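Each remark here refers to the structure printed beneath this line.
The values are calculated or read from the model by the stated rules, or taken from the named source; none is laboratory data. This is a predicted model, so every value here is computed, not measured. Quick reminder, even Gly has a Cβ in these numbers, built from the backbone with ideal geometry, and neighbours come from all protein chains shown.
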Amino acid sequence: MPCLLEAGCKHRLHNRPSLTKWKSQMKNFSKLFLLNCLLSFSSVVLAANNDVLSDEQIDKRIQQYRTAEVSLLVTDSNGNPLTNAPVIIRQTRHKFLFGCGGFGIDPDHETEYNRRLAELFNYTTLAFYWNGYENTQGKPAFEQRMPQAKWCRTHNITPKGHPLCYNQEVPTWLKGKSLEEVHSLLLGRVTREVKSFADTIDVWDTVNEAVLMPTCPLEPNTISKLCAKIGQVELIKGAFDAARKENPNAFLILNDFEVWDDKYEKLIAQCLNSGITIDAIGIQSHMHTGCWDKETIWQFCEKFAKFGKPVHFTEVTILSGRLQSKDDKDWTTERKDWFSTEEGEVRQTKEVVDFYRLLFSHPAVEAITWWHLRDLHAWLGAPAGLLRKDTTPKPAYEALKKLIKQDWWTGPLELKTDDKGRLKFRGFLGDYVIECSKGQGQFKLDKPQNIEKTVIVH
């Protein structure tokens, strides 16, 4: 650009243009210069963004944020270093929460559904929709849900309750009650569930889909009506405060699907400014019309990471059959003729791998929950499972299993301590056991940094 400007100036001096004309010409050159600068800057930004989304950078971030370089001192129960000792190191659990909706868990029988869920996931969502959980006032389904939660704990799976406050699935017996009664009953329901399941279920989708809650089709004295009266922030504060009071150790999530504009962002900001302690921001991603592209996924991660809270992708749906038309506005009617196809399963497999790899590489994301394990009873009747209706696995299930239990899994490693009882390795964050002739020990890797630990085997 300087050469162009220089040539232009020489031409104008030779021909002695008027001052006005010269100023006009210089303005044009300035505009051209600025345009070129903007184009160059845009190219740099685009290139940088594409670099962020490249497989190479994704793999680099996974190593950076999901693994740790470890130096272990291995001792016996008396504190004596185990020198020159062969050991085996095994990872037993991921720190990252790989979740799945566990609505079909049968705690009394070892079903294929149970086996497939426990084989792949360390985190699951259990149903606490108010109308289903307490269909008759004063008779909650505690005896049905607690065995499911305990089954999860037995199989090293962290259970999450979903949801405590939601305007859609409300019991019919709320009708006819005043808004004051509804509010009191809602907070009582939150208190009861959190208290009853404390130490078994400590993770909750506390308020679900609050963005559109006040403007949803209203029935007299429903949660929507209550929210419209007292406001979203006040409703959220009441639910979070009630849950926190009963279980100070609870992990409380605000969950929503309204991520395409700034409404959810504004609501989160209002809640945080009001002193509400949100432990994680939940993002629903039912992609019935097609999987989001990488740019969109990354933008959502960045948009919600700015609050400094963990981001949980709480309801992931990627179809293995016909996609729903973007012009189809019916998100309530269940279809009976929606099936998984061979072509759709190939597409789903690729999209699942790309989706999980990108999210696993983002430092703010702590959990990904697939919404329905199998097609049976999937939302809207869609082919949305990782398993078919007969519980046979789709290729996407096997591909995800390879990622979670092979590519992103450490060990078993056959190593040997040095003459000081130390050894080094790089491993994915999570829980580990170490075995040797002297016995067994346990340790955790919880931060992506250089870690020094002493492990006692006995």
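Which residue pairs have Cβ atoms closer than 6 Å, lie 6 or more positions apart in sequence or on different chains, and pair a first residue in region 214-226 that is within 14 Å of PRO171 (Cβ to Cβ) and not assigned by TED's automatic domain parsing to the domain that holds ARG189 with a second residue that is at pLDDT 80 or above and assigned to a loop (DSSP other than H, G, I, E, B)? Close Cβ pairs (under 6 Å, with a partner that is at pLDDT 80 or above and assigned to a loop (DSSP other than H, G, I, E, B)) do not exist here. Of the residues making up region 105-117, those that are under 14 Å from TRP370 (Cβ atoms) and buried (at least 20 other Cβ atoms within 10 Å of the Cβ) are ARG116, LEU117. Among the residues of region 276-307, write down those that are of a type in the set (Gly, Ala, Ser), within 17 Å of ASP262 (Cα to Cα) and surrounded by fewer than 21 Cβ atoms within 10 Å (Cβ to Cβ). Hit for region 276-307 is ALA305, nothing else. Checking each residue of region 345-361 against the condition of being of a type outside the set (Ser, Thr, Tyr) and modelled with pLDDT under 95 gives no match.
Is it the case that GLN348 is among the polar types (S, T, N, Q), outside any loop (DSSP other than H, G, I, E, B) and surrounded by fewer than 20 Cβ atoms within 10 Å (Cβ to Cβ)? Criteria not met by GLN348. Taking region 78-103 as the region of interest, how many residues are within 16 Å of VAL457 (Cα to Cα), surrounded by fewer than 17 Cβ atoms within 10 Å (Cβ to Cβ) and of a type in the set (Val, Ile, Thr)? Residues meeting the conditions: 2. Number of residues in region 354-366 that are within 21 Å of LYS95 (Cβ to Cβ) and assigned to a helix (DSSP H, G or I): the value is 6. Just one of (1) within 19 Å of the chain's Cα centre (by Cα); (2) free of Cβ contacts under 8 Å to residues at least 40 places away in the same chain fails for THR392. It is (1). Taking (1) at pLDDT 95 or above; (2) closer than 19 Å to HIS162 by Cβ in turn, HIS372 satisfies each apart from (1). Consider LYS266 carefully, then state whether it is among the basic types (Lys, Arg) and under 30 Å from ASP330 (Cβ atoms). In short, yes.
Restricting TRP338, TRP370 to residues that are touching a Pro at 6+ places or on another chain (Cβ under 9 Å) and in contact (Cβ under 8 Å) with a residue 12 or more places away in the chain narrows the list to TRP338.
Only one of the numbered conditions (1) closer than 30 Å to ASP354 by Cβ; (2) part of a strand (DSSP E or B); (3) not charged (D, E, K, R) is violated by GLY385, and that is (2).
In region 255-266, the residue that is surrounded by the fewest Cβ atoms within 10 Å (Cβ to Cβ) out of those that are farther than 19 Å from PRO159 by Cβ and not aromatic (Phe, Trp, Tyr) is ASP261. Of the listed requirements (1) in a helix (DSSP H, G or I); (2) more than 16 Å from ASN131 (Cβ to Cβ), ALA210 misses just one: (1). In region 289-311, the residues that are more than 21 Å from GLU351 (Cβ to Cβ) form no Cβ pair under 7 Å with any partner that is at pLDDT 95 or above and among the basic types (Lys, Arg), whether six or more places apart or across chains.
Hey, could you check region 126-177 for residues that are of a type in the set (Gly, Ala, Ser) and touching a residue at least 12 places away in the same chain (Cβ under 8 Å) and say which is surrounded by the fewest Cβ atoms within 10 Å (Cβ to Cβ)? Here the residue is GLY176.
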